[in-house]
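The values are calculated or read from the model by the stated rules, or taken from the named source; none is laboratory data. These numbers come from a predicted model, not from an experiment. Positions of Cβ are generated from backbone atoms using ideal geometry, with glycine treated the same way; all protein chains shown enter the neighbour counts.
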Amino acid sequence: METKRLIIILFVFFAAIPENARSQNEIIKAGLIRTQATISFSDMLNSGNSYFYLHGNMEAYFNSKISFCGDAYAYMGALNGVSDFAYNHNIFFGFLYHLTQKQNDTYLGFQPGMAFTRLNENKFLLTHSQAGINPEFSLVLGNNYYINPYFHFFVQGRLIVGSHNYNVHQNLSEFRFSAGLGFNINTLK
Amino acid sequence: MRKELILSAFLIFLFAQVKAQSNTNNDFSKSGWFSLGVRSTASTFSDEGSGIGTGGQFRIQMSNRVNTDWFMDYISINMEDKVRSEYYHIGWSVIYYPFKTLVYPKLVQPYLLAGHCFDYNKMTSFDNPTIRANRLGSAVQAGVGVHFNITDRFDVTLMSQYMIHLTKTLSPDMDATPMVIKAEKETGLQGHLLTTVGFNYKIFKIWKRNA
């Protein structure tokens, strides 16, 4: 209850800040760095299982159109049924292309990455499951709304393609959704 | 012996092409650009099956018509749900732009490429990881590609190249019990088609030269 109240207060506080940037459109430019940490929910396209992850990222803007972004996902568990994985952590890195209008920033991108996986031994009746490193790639589509020079709201969808090739082959194709409040700062004048 | 001969002939041809281009092209306004990027690669048309890989590259542009691409990637291939074949590539390619007018601000910039790389291949049984074999080798590659120039500094690159490994081949006998993976003593011209999507950003100019 206390947590919910705190979230509502923070939301109203940040949304209500009358910043100069609202009218100047000076936030999205070269030198902007944004970061976030949130919980991400997923749907495995092959098995139908749903998992959730701790999702963190950091992004640096070269200009208002191009940025470089690194994302990390820490596997936290299954939302339904027995998980196929003991863990399925990921890192992704790549460029994003932004379509900006005032404080609104819609972007799309392609990020190669790696999955660090290990199968659930009980699910697959294994005496020992191997930890594996698997190449992946992902397509990203999202939106940031910069409410002031320090905070923004974001939503992001990510389609991941890859496969686990240890012990038992598993398709890692997955859709992930993240949303929340992020932090940003302009490092260049 | 055969592979050294092929490799030598290929490299001589490659350097001759670059030298010829350098001598005939006086426009160096774009030379010196250092680009950095990431890539995803699909490996297909191989006896082992298909797989995907992750990697990165940097480029150093030598002239308006000649660029160099230095890359590394890691590819994992699932062989009939029984064997994992992993490739590590570190290499370089020379890129040649045949159309002088197709450069930024034109969106599409086609090119030819050829080069050499070192590769390490390891095959491991899914069921029993103690059953494995590996080899270190060399390869040559050639192909075609296209840059999509999104801005003056940023491009999306799609390329397809055939890579021939000039080395021993690993050969799994998946029907044997237990499974056997061995390195063939005979070297062979074995390869795969690599189709890559890359994203590159021109960071800075290493040198400035306007001839």
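Yes or no: the range B:190-207 includes at least one residue that is loosely packed, with under 13 Cβ neighbours inside 10 Å and away from chain A (no Cβ under 14 Å). Walk me through how you get there before you give the answer.
Just the residues of the range B:190-207 that are loosely packed, with under 13 Cβ neighbours inside 10 Å, to begin with: B:204, B:206-207.
If we keep only those that are away from chain A (no Cβ under 14 Å) too, we end up with B:206-207.
Yes.
Filter the range B:99-132 for residues that are in contact with a Lys or Arg (Cβ under 8 Å, 6 or more places away or on another chain) and more than 13 Å from every other protein chain (Cβ to nearest Cβ) and give the result.
Within the range B:99-132, the first condition is being in contact with a Lys or Arg (Cβ under 8 Å, 6 or more places away or on another chain), and the residues that meet it are B:100, B:103, B:120-127, B:132.
Matches in the range B:99-132: B:LYS100, B:VAL103, B:TYR120, B:ASN121.
Is it the case, given these coordinates, that B:PHE148 is within 14 Å of chain A (Cβ to nearest Cβ) and not in a loop (DSSP other than H, G, I, E, B)?
Details: within 14 Å of chain A (Cβ to nearest Cβ): yes; not in a loop (DSSP other than H, G, I, E, B): yes.
Taking the combined requirement at face value, the residue satisfies it.
Within the range B:92-115, identify whether any single residue is under 14 Å from A:ASN165 (Cα atoms) and among the aliphatic types (A, V, I, L, M), and answer yes or no. Let's see the steps before the verdict.
Pass one, the range B:92-115, residues under 14 Å from A:ASN165 (Cα atoms): none.
The answer is no, given that none of the residues of the range B:92-115 is under 14 Å from A:ASN165 (Cα atoms) and among the aliphatic types (A, V, I, L, M).
Would you pick out the residues in the range B:155-179 that are modelled with pLDDT of 90 or more and among the hydrophobic types (A, V, I, L, M, F, W, C)?
B:VAL156, B:LEU158, B:MET159, B:MET163, B:ILE164
With respect to the numbered conditions (1) at pLDDT 95 or above; (2) within 14 Å of another protein chain (Cβ to nearest Cβ); (3) exposed (fewer than 14 other Cβ atoms within 10 Å of the Cβ), which one is the sole condition not fulfilled by A:ILE39?
(2)
Any chance you could count how many residues in the range B:51-71 are free of Cβ contacts under 8 Å to residues at least 24 places away in the same chain and either surrounded by fewer than 22 Cβ atoms within 10 Å (Cβ to Cβ) or among the small types (Gly, Ala, Ser) (or both)?
Of the residues in that region, 2 qualify.
If B:GLN57 satisfies every condition in (1) within 12 Å of chain A (Cβ to nearest Cβ); (2) over 19 Å from B:TYR111 (Cβ atoms) but one, which is the exception?
(2)
With respect to B:ILE164, determine if the residue is away from chain A (no Cβ under 14 Å) and over 29 Å from A:PHE137 (Cα atoms). Please lay out each step first, then the result.
Values: away from chain A (no Cβ under 14 Å): yes; over 29 Å from A:PHE137 (Cα atoms): no.
Considered against the rule, which asks whether it is away from chain A (no Cβ under 14 Å) and over 29 Å from A:PHE137 (Cα atoms), B:ILE164 comes out as no.
Yes/no per residue for (1) surrounded by 18 or more Cβ atoms within 10 Å (Cβ to Cβ); (2) away from chain A (no Cβ under 14 Å); (3) touching a helix residue (DSSP H, G or I) at 6+ places or on another chain (Cβ under 9 Å):
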position: B:SER35; (1), (2), (3): yes, no, no
position: B:ARG39; (1), (2), (3): yes, no, no
position: B:GLY49; (1), (2), (3): no, no, no
position: B:ASP73; (1), (2), (3): yes, no, no
position: B:GLU86; (1), (2), (3): yes, no, no
position: B:TYR97; (1), (2), (3): yes, yes, no
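Of all the strands (runs of 3 or more DSSP E) wholly in the range A:70-189, which have at least 1 residues that are within 14 Å of chain B (Cβ to nearest Cβ) and touching a Leu at 6+ places or on another chain (Cβ under 9 Å)? Quick ask: steps written out before the conclusion?
Numbers: elements: A:85-101, A:104-119, A:132-146, A:151-164, A:174-186.
Ranges flagged: A:85-101, A:104-119, A:132-146, A:151-164.
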